[in-house]
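Heads up: the structure comes next, in structure tokens.
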Amino acid sequence: MAEKTSNQMWGGRFAAGPDAIMEKINASIDYDQRMAAQDIAGSKAHAAMLAATGIISDSDADAIREGLVTVLSEIEAGRFAFSAALEDIHMNVEARLRELIGEPAGRLHTARSRNDQVATDFRLWVRDQLDAADAGLVALIRALLTQAEAGADWVMPGFTHLQVAQPVTWGHHMMAYVEMFGRDLSRMRDARARMNESPLGAAALAGTSFPIDRDMTARALGFVRPAANSLDAVSDRDFALEFLSAASICAMHLSRLSEELVIWSSAQFRFVALSDRFSTGSSIMPQKKNPDAAELIRAKIGRIFGANTALMMVMKGLPLAYSKDMQEDKEQVFDAADSLMLALAAMDGMVRDMSANRESLATAAGAGFSTATDLADWLVRVPGLPFREAHHVTGALVALAEKRGCDLPDLSLADMRAVHGGIDDTVFEVLGVENSVNSRLSYGGTAPVRVREQIARWRERLG
């Protein structure tokens with residue numbers, strides 16, 4: 001029975017059906033059934049256009065539309081019996097449609113090929129993922145803005161090489177991730193705008209001799225225009241690659257933030273406390289609270305990177321127009337999209353729930369000679385030393401403080417003047433971490449007033 005059905009779908013060219021191995025390698029229904037809603041939406045738009053242009057009758061179009069509504073309801077209710085013998089979602093839907101409405105189902109594929117059909121379905125599916133990523137990123141950015149606003153003037157250490165460098169504010173650090181995820185949001189929106197062209201009507205590769213209206217189907221499916229070249233329309237997978245590329249960069253940002261949360265929540269740092277909702281315990285050590293959500297995000301990112309590379313490898317050697325290799329375009333994208341959406345949701349939850357330890361942040365901000373650069377800048381501004389000399393003097397003072405086992409503000413004025421006679425007691429005004437961050441007033445700097453300006457800018461941008 002399966003062979004007979006498959007032969008009917010392929011047409012009279014083949015005398016025998018595929019054997020089990022060929023059926024297994026050829027079938028994609030196990031994963032492309034995820035595009036059922038998009039496939040049915042495309043078929044409904046196509047049938048309506050065929051009727052509007054007089055290619056099929058209105059009664060056939062009505063029967064097709066009603067049948068497709070029934071098929072979708074069966075799929076959504078979990079009552080649809082998918083068949084590997086029918087290869088993919090397109091043939092499964094069409095076969096069930098024939099069972100429901102009979103002969104009119106055979107007219108649905110007029111002026112259409114599986115090539116433009118799958119290109120349309122996949123494009124619609126990826127467009128939905130771009131919209132979902134957009135929503136996830138906006139939610140995460142809002143969570144970061146809330147954290148930044150709460151701690152706009154909380155001092156903490158800024159790091160280079162994971163060594164204490166200069167004091168910054170908690171708000172400033174949170175806003176760095178707002179900028180990073182803001183670029184991700186821009187990439188998702190840019191990719192969506194570029195991919196929003198309809199392949200439907202390109203047929204197998206050369207267009208069709210039927211008097212179709214591609215503008216009508218494009219509008220019905222929310223595309224801004226039909227794709228301009230039929231060869232490119234059926235062979236293009238740039239839209240999926242752009243999604244994976246943008247997803248990979250976003251995933252890298254999620255991984256960087258995950259790494260910081262793992263470090264910050266450790267007993268050695270105690271910068272943040274993650275909520276119980278996004279932590280787990282140990283089976284043997286009762287004191288443990290593990291940042292598993294952050295660690296799992298950090299690990300899942302590799303799947304997204306791998307999907308990007310895998311699809312690049314599929315596409316790199318394909319001549320125009322369609323090759324069966326392109327059936328391997330979806331599984332990787334589906335998995336990457338699942339991983340990205342889950343990671344975005346988990347990170348949003350962690351950021352919303354986490355609490356920063358203001359006391360630990362402030363204590364760490366003053367350690368490691370974090371105001372040394374402020375001292376060097378003061379030596380340039382007040383005694384008028386060239387910066388290179390100021391750098392040398394500051395280094396000598398740091399070495400002295402290290403020898404004494406204290407920090408720069410703990411050195412006496414006499415100690416400092418012994419290194420350079422131009423130092424006076426106003427130097428202590430710049431050695432406190434609060435003074436340090438308040439002085440960083442340049443655009444994009446860590447001063448609380450600048451942080452609050454950036455928060456306001458982003459809240460206005462998001463609306």
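The values are calculated or read from the model by the stated rules, or taken from the named source; none is laboratory data. Bear in mind the structure is a predicted one, so any value in this text is a computation, not a measurement. Please note: Cβ atoms are built from the backbone with ideal geometry, for glycine as well, and neighbour counts cover all protein chains shown. Accessible surface is based on the protein model in full, side chains and every heavy atom, while ligands, DNA and RNA are left aside. Shrake-Rupley method; radii C 1.70, N 1.55, O 1.52, S 1.80 Å.
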Just one listed residue, out of 150, 176, is closer than 18 Å to residue 365 by Cα, within 18 Å of the chain's Cα centre (by Cα) and not assigned by the TED database to the domain that holds residue 454, and it is 176
Check on residue 49, in a helix (DSSP H, G or I), under 15 Å from residue 114 (Cα atoms) and touching a helix residue (DSSP H, G or I) at 6+ places or on another chain (Cβ under 9 Å): no
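Look at the stretch 207-226 and say how many of its residues are among the small types (Gly, Ala, Ser) and touching a Ser or Thr at 6+ places or on another chain (Cβ under 6 Å).
The total comes to 2.
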Which residue pairs have Cβ atoms closer than 7 Å, lie 6 or more positions apart in sequence or on different chains, and pair a first residue in the stretch 61-80 that is assigned to a helix (DSSP H, G or I) and among the hydroxyl-bearing types (Ser, Thr, Tyr) with a second residue that is at pLDDT 95 or above and surrounded by fewer than 19 Cβ atoms within 10 Å (Cβ to Cβ)? 70/100
The one condition in (1) crowded, with 16+ Cβ neighbours inside 10 Å; (2) of a type in the set (Gly, Ala, Ser); (3) assigned to a helix (DSSP H, G or I); (4) over 21 Å from the mean Cα position of the chain (by Cα) that residue 349 fails to fulfil: (4)
Considering each residue of the stretch 239-284, count those that are farther than 21 Å from residue 345 by Cα, of a type in the set (Val, Ile, Thr) and buried (at least 22 other Cβ atoms within 10 Å of the Cβ), and give that number. 0
When you go through (1) without any contact (Cβ under 8 Å) to a residue 40 or more places away in the chain; (2) open to solvent by less than 40 Å² (accessible area, probe 1.4 Å) one by one for residue 100, which number turns out not to apply? (2)
Considering 394, 363, which residue is without any contact (Cβ under 8 Å) to a residue 24 or more places away in the chain, buried (at least 17 other Cβ atoms within 10 Å of the Cβ), assigned to a helix (DSSP H, G or I) and β-branched (Val, Ile, Thr)? 394
Given the options 340, 311, 375, 344, name the one that is surrounded by 22 or more Cβ atoms within 10 Å (Cβ to Cβ) and either in contact with a His (Cβ under 9 Å, 6 or more places away or on another chain) or not assigned by the TED database to the domain that holds residue 164 (or both). 375
Is at least one residue of the stretch 59-68 surrounded by fewer than 21 Cβ atoms within 10 Å (Cβ to Cβ), over 21 Å from residue 38 (Cβ atoms) and out of contact with any Pro (no Cβ under 6 Å at 6 or more places or on another chain)? yes
List pairs: first in the stretch 224-238 and open to solvent by 80 Å² or more (accessible area, probe 1.4 Å), second of a type in the set (Asp, Glu) and assigned to a helix (DSSP H, G or I), Cβ under 9 Å, 6+ apart or cross-chain? 225/215
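Table: residues versus (1) modelled with pLDDT of 95 or more; (2) under 21 Å from residue 120 (Cβ atoms).
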{"residue": "27", "(1), (2)": "no, yes"}
{"residue": "45", "(1), (2)": "yes, yes"}
{"residue": "56", "(1), (2)": "yes, yes"}
{"residue": "85", "(1), (2)": "no, no"}
{"residue": "91", "(1), (2)": "no, yes"}
